[in-house]
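Structure, as structure tokens:
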Amino acid sequence: MPKKSTPNVSLAKASFIQQRAQSSQSRQVKYGFVSLLTRFQTSVKDCHVGSLRAHHLEEFFYGAGGLSDTCGSTTLGRYRNDTKQFLAFCHRREWTAHAPDVLLDGIREKSTKSNRNRYRMTRDELRHLLTGAEDPRDVALVAFVACTGVRISEALGMRIRDVSFNKGELYVYLPKTKEEVTYPLASDLEAALRAWLTAYAEQVGPLKRTFYLFPPYHGRRFTKGGGVSPAGQYNPESPIQQPRLILAPIAERTGIELESGDGWHTVRRSFARILYDDCVSMGHDAALRIVQAALNHKTVQTTERYLGLNPERQTFHRIMKGQPFLSVGVEPGKVVPLDERRVGRG
């Protein structure tokens, strides 16, 4: 049973974040909880923790403007786990009337780690995906993720200054590790970026170094001088806010079926798979480590998960697929039936 007087969600959130900050050295983990729980606080109107019920959580996840409106099932699974940690924190202090599992009973996403072999596009499918992008900005964005394997959030954080055509390099800031990584600029990505930047400059004028590389459209709005800006222009001072709304129509136009949970990370996984296969075909012994470096993964295990199968299982497939196993070394017609062999022994 909850105590008679329980804190508001905002106070419980502050206590929980403080504990997380002390137990984890990752600032990214802390900020992730702050963002999620701030949205939860707004959703439940900062009510007392003791008054939380299952319908509050269902509304937070699936109601109008809820989490499901802005992310796929995989991310929702992670949000469910993070929310459960917060509710467990409150339950241990007897602030909630029900256990976390009861409050989250209506949330269908159970885990962020799926055992199914996730969809990965071939190189031909990625090229085909580019044909479904109608805007040069979208063509460049798809090419950017497909040719670098960066996370969509990292791509959207790029500025004009982060592209060097002269050096053939891209400078990508990684929020997870708080570092800037240099990526090589592939020729097909360079062509897509040049076409996009030309169209970008034609609409907004000379491009400043601080402009976002992939800006959103902004609607008609009032300007400082009292006029009204035209609708459908790019807003170079802001990054795209809902990238999932860009990829889904592109895939649909090209006939590529994306299941629930597939999205920009599918493009990232596809890059990893293609790069690994290329490295193996070129004879690189450290193919897995090369892909790990490209994806900026801390552990090889994470990279193996992205590839779908670990290297040993890949070797197993290459050895066995379409090859004889039990009949190795046996000439056709030389296999003696088991009954005859038994008679011979008798």
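The values are calculated or read from the model by the stated rules, or taken from the named source; none is laboratory data. Source: prediction; values computed, not measured. All Cβ positions, even for glycine, are placed from backbone atoms using ideal geometry, and neighbour counts span all protein chains on display. Each accessible area value is taken on the protein alone, full model and side chains, heavy atoms only, with ligands, DNA and RNA left out. Shrake-Rupley method; radii C 1.70, N 1.55, O 1.52, S 1.80 Å.
In table form, for the structure just shown:
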read-out	value
Residue within region 151-171 that is surrounded by fewer than 17 Cβ atoms within 10 Å (Cβ to Cβ), on the phi > 0 side of the Ramachandran plot and under 22 Å from the mean Cα position of the chain (by Cα) present	no
Pair list, Cβ < 7 Å and 6+ apart or interchain, from region 178-198 residues that are closer than 12 Å to Ala140 by Cα to residues that are assigned to a helix (DSSP H, G or I) and small (Gly, Ala, Ser)	Asp188/Ala143; Leu189/Ala143; Ala192/Ala140; Ala192/Ala143; Leu193/Ala140; Trp196/Ala140
Any chance Ser281 is modelled with pLDDT of 85 or more and of a type in the set (Ser, Thr, Tyr)	yes
Per-region count, region 57-71, residues of a type in the set (A, V, I, L, M) and open to solvent by less than 20 Å² (accessible area, probe 1.4 Å)	2
Test set (1) at pLDDT below 90; (2) surrounded by 15 or more Cβ atoms within 10 Å (Cβ to Cβ); (3) under 22 Å from Arg20 (Cα atoms) - Thr74 fails condition number	(3)
Residue check, Glu134 modelled with pLDDT of 85 or more, acidic (Asp, Glu), open to solvent by 60 Å² or more (accessible area, probe 1.4 Å) and part of a loop (DSSP other than H, G, I, E, B)	yes
Residues of region 166-213 classified as in contact with a Pro (Cβ under 7 Å, 6 or more places away or on another chain), assigned to a strand (DSSP E or B) and among the aromatic types (Phe, Trp, Tyr), total	1
Condition broken by Thr42, with the remaining ones in (1) modelled with pLDDT of 90 or more; (2) touching a helix residue (DSSP H, G or I) at 6+ places or on another chain (Cβ under 6 Å) satisfied	(2)
Close pairs from region 157-170: first without any contact (Cβ under 8 Å) to a residue 40 or more places away in the chain and within 12 Å of Val181 (Cα to Cα), partner assigned to a helix (DSSP H, G or I) and hydrophobic (A, V, I, L, M, F, W, C), Cβ under 7 Å, at least 6 apart	none
Residue within region 251-262 that is acidic (Asp, Glu), open to solvent by 20 Å² or more (accessible area, probe 1.4 Å) and within 22 Å of Leu156 (Cβ to Cβ) present	yes
